[in-house]
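Working notes, beginning with the structure itself.
The values are calculated or read from the model by the stated rules, or taken from the named source; none is laboratory data. Bear in mind that the values here come from a model prediction, so they are computed numbers and not experimental data. Here the Cβ positions follow ideal geometry from the backbone for every residue, glycine too, while neighbour counts run over all protein chains shown. When the accessible area is computed, the model is the full protein with side chains, heavy atoms only, and any ligands, DNA or RNA have been set aside. Shrake-Rupley method; radii C 1.70, N 1.55, O 1.52, S 1.80 Å.
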Amino acid sequence: MIKKGLFIFASLFIVAGCDVSNSDSKEIVEIERLDSFYRFNDVYPTSYIFNTQYRWELFWKANTGDGSIYDNDGTDIELPVIDFENKTLIGVFYDRLGQMHQPKDPKVYYSGSRLVIDLDSLTHTNNRDATWIPYLLFTVDKTDTDIEFVGNTPDN
């Protein structure tokens with residue numbers, strides 16, 4: 001009986017000494033969202049990661065028609081400037097939904113050695129402009145780690 005009690009006590013002591021709470025800890029990452037009222041052409045619904053100005057410019061030109069996009073007054077809207085020395089730009093584009101839906105800000109955190117982008121649902125606005133594609137464009141501190149998209153991803 002004493003041996004059994006010592007065994008249980010020793011087992012509890014070992015488990016109590018383990019740092020179970022940090023085994024799945026999440027380091028929250030701050031994001032900076034870009035304007036959400038740019039008009040894009042038919043962008044393939046998926047997630048994009050940009051770490052260079054060159055790739056960002058190519059994407060912008062390829063997905064905004066003739067290389068420029070316009071606001072309601074017909075004036076050029078310049079390519080948003082991103083500090084790629086210090087930032088990574090992440091884009092998430094959904095299918096056209098027929099009405100304006102706006103993605104909520106994602107939860108972004110490090111889990112182990114990867115950056116996780118946890119995408120929430122789309123919120124409906126009163127804008128009924130069917131030419132808008134719901135999307136997110138946001139920056140995080142520069143990262144070259146693996147990025148995992150979970151939750152309400154464009155392919156769900």
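A few comments on the model shown:
- Once all protein chains are placed together, D141 keeps about 100 Å² accessible to a 1.4 angstrom probe.
- For T64, the accessible area of its heavy atoms, probed at 1.4 Å with every protein chain present, is near 10 square angstrom.
- Modelled spin labels at N86 and E30, positioned 7 Å past Cα toward Cβ, are 1.1 nm from each other.
- Cross-link table K87/K107; K107/K142; K26/K142; K104/K142, entries beyond 20 Å C-alpha to C-alpha: K104/K142
- Area of Y109 that stays accessible when all protein chains are in place (1.4 Å probe, Å², to 10): 30
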